[in-house]
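*Asks:* One structure coming up, written as structure tokens, with questions to follow.
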């Protein structure tokens, strides 16, 4: 009887732990909503595409193009979003709330996977680090499609753990999860190296048939995508060999931004945060050098983080979301060190206090016009146009992108009943003053 009581008590403890962590994560991510919701041209473009799919009543076989106009995402993000879009009546906030749901599910997945692999203590601490990490809070406010990586990466990590143990039947399923990621981003490509290293270390267990099974799993969710967009085969060598645009200083700045903001909100502390990471990572590699080929967790942490850093150097001056494959992994790495310190909770609490001003009034890495202001501008344009066709232009940051990066305003005007076209004589130019988080309309 005592055994069952202890088991029930343990189950209640971990259930309470993950509920508490998810509650903290959700609170910190919605506290500044909607003023902190980064609704910009990229999100407007996603909504315009979703609207066209819902209006036409069709499932896409390929997604939108990336920032490289010749390269497209896979279709699964849009398959997921279409019913939510319809249920929300096309409200732009559907992107944010779906992102919150994805991050919450990802936290649960992270907790369960790490608990299974390394125990409840690391699962709790790493999940808490994820909940408190400034860069992850900021990315959630951006509400982009790649937030689904928070779900997929822990699942992928668990399948790799099973393969490490010699459970060969999961090779195909690991490939399938890896293949699904192409509907949300391409930054996971370097993680192929983790698979290769694992097969090399476990070469007595795995042969070319298992490679083929992994490749088959990867291809399956991307058949329609590969058929229509073959440029992915050109993109990887293009990024590796394009030395002229590497921009070493930009790469260093991105490195500092990601690893520094994983710990601190304040821009003045980012160099310190990045330095702390370097020290810990070098120490981890040295102290775990004998376990890197013996134990799964040291292998996965070292290989995934190390390969993503290497890939970032080859890419050059990358946006920090290119570190997506280790967004859920870095908190596990930091948690590994925290649980070795008996004052781990105290350390986390001190970091929380240091970041407190940022949590409740975040110094955004990029200044944007608040959603409320954009909505007011759209309402004004629709009312002023009085039923006439409307052409929207924009002057502001990133207006060198297609359509002057104005798709957020185009969507809002359309959502509020305006008829948006590209060639009317009724032209409204929105001029953004991001320094003051403001914008005004010029006709």
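*Asks:* Please verify whether residue 207 is farther than 30 Å from residue 343 by Cα and surrounded by fewer than 22 Cβ atoms within 10 Å (Cβ to Cβ), treating the condition exactly as stated.
*Replies:* So residue 207 passes the test.
*Asks:* Restricting the search to the range 203-252, which residues are in a loop (DSSP other than H, G, I, E, B) and either in contact with a helix residue (DSSP H, G or I) (Cβ under 6 Å, 6 or more places away or on another chain) or at pLDDT 55 or above (or both)?
*Replies:* The answer is 203, 204, 205, 206, 207, 229, 230, 231, 246, 247.
*Asks:* Do you know which residues across the range 166-195 are outside any helix (DSSP H, G or I) and in contact (Cβ under 8 Å) with a residue 60 or more places away in the chain?
*Replies:* Listed by number, the residues that qualify are 184, 185, 186, 187, 188.
*Asks:* Given the condition crowded, with 22+ Cβ neighbours inside 10 Å, modelled with pLDDT of 95 or more and over 30 Å from residue 91 (Cα atoms), answer yes or no: does some residue in the range 163-172 qualify?
*Replies:* Within the range 163-172, one or more residues are crowded, with 22+ Cβ neighbours inside 10 Å, modelled with pLDDT of 95 or more and over 30 Å from residue 91 (Cα atoms).
*Asks:* Of all the residues that make up the range 27-66, how many are surrounded by fewer than 18 Cβ atoms within 10 Å (Cβ to Cβ) and in a loop (DSSP other than H, G, I, E, B)?
*Replies:* Total satisfying the criteria: 11.
*Asks:* Right, next: Please verify whether the range 88-98 includes one or more residues that are in contact (Cβ under 8 Å) with a residue 12 or more places away in the chain and at positive phi.
*Replies:* Looking for residues that are in contact (Cβ under 8 Å) with a residue 12 or more places away in the chain and at positive phi, one finds at least one in the range 88-98, hence yes.
*Asks:* Suppose the filter is without any contact (Cβ under 8 Å) to a residue 40 or more places away in the chain, in contact with a strand residue (DSSP E or B) (Cβ under 7 Å, 6 or more places away or on another chain), over 25 Å from residue 348 (Cα atoms) and assigned by TED's automatic domain parsing to the domain that holds residue 221; does residue 64 pass it?
*Replies:* So residue 64 fits the description; yes.
*Asks:* Give just the number: which of (1) surrounded by 16 or more Cβ atoms within 10 Å (Cβ to Cβ); (2) under 30 Å from residue 41 (Cα atoms); (3) under 19 Å from the mean Cα position of the chain (by Cα) does residue 305 not satisfy?
*Replies:* (2)
*Asks:* Given the criterion surrounded by fewer than 19 Cβ atoms within 10 Å (Cβ to Cβ), assigned by TED's automatic domain parsing to the domain that holds residue 318, modelled with pLDDT of 85 or more and under 26 Å from residue 180 (Cα atoms), identify the matching residue among 102, 88, 23.
*Replies:* Residue meeting the stated conditions: 88.
*Asks:* A further question follows. Does residue 398 count as outside any loop (DSSP other than H, G, I, E, B), under 30 Å from residue 270 (Cα atoms) and under 28 Å from the mean Cα position of the chain (by Cα)?
*Replies:* Here the answer is no, as residue 398 does not meet what is asked.
*Asks:* Would you please name the residue that is modelled with the lowest pLDDT, looking only at residues in the range 404-442 that are more than 12 Å from residue 390 (Cα to Cα) and part of a loop (DSSP other than H, G, I, E, B)?
*Replies:* So the residue we want is 437.
*Asks:* Give the residues of the range 279-294 that are surrounded by 13 or more Cβ atoms within 10 Å (Cβ to Cβ) and in a helix (DSSP H, G or I), sorted by residue number.
*Replies:* Answer for the range 279-294, where residues must be surrounded by 13 or more Cβ atoms within 10 Å (Cβ to Cβ) and in a helix (DSSP H, G or I): 280, 281, 284, 285.
*Asks:* Those residues that are in contact with a strand residue (DSSP E or B) (Cβ under 9 Å, 6 or more places away or on another chain) and assigned to a loop (DSSP other than H, G, I, E, B), I need them from the range 67-80; list them, please.
*Replies:* 71, 73
*Asks:* Can I ask one more? Does the range 375-390 hold any residues that are crowded, with 16+ Cβ neighbours inside 10 Å and either assigned by TED's automatic domain parsing to the domain that holds residue 33 or over 21 Å from residue 35 (Cβ atoms) (or both), and which are they?
*Replies:* 381, 382, 385, 390
*Asks:* In this structure, is residue 367 in contact (Cβ under 8 Å) with a residue 12 or more places away in the chain, assigned to a loop (DSSP other than H, G, I, E, B) and surrounded by 14 or more Cβ atoms within 10 Å (Cβ to Cβ)?
*Replies:* yes
The values are calculated or read from the model by the stated rules, or taken from the named source; none is laboratory data. Everything numeric in this text was worked out from a predicted model, so none of it was measured. Virtual Cβ from ideal backbone geometry, glycine too; neighbours counted across all protein chains shown.
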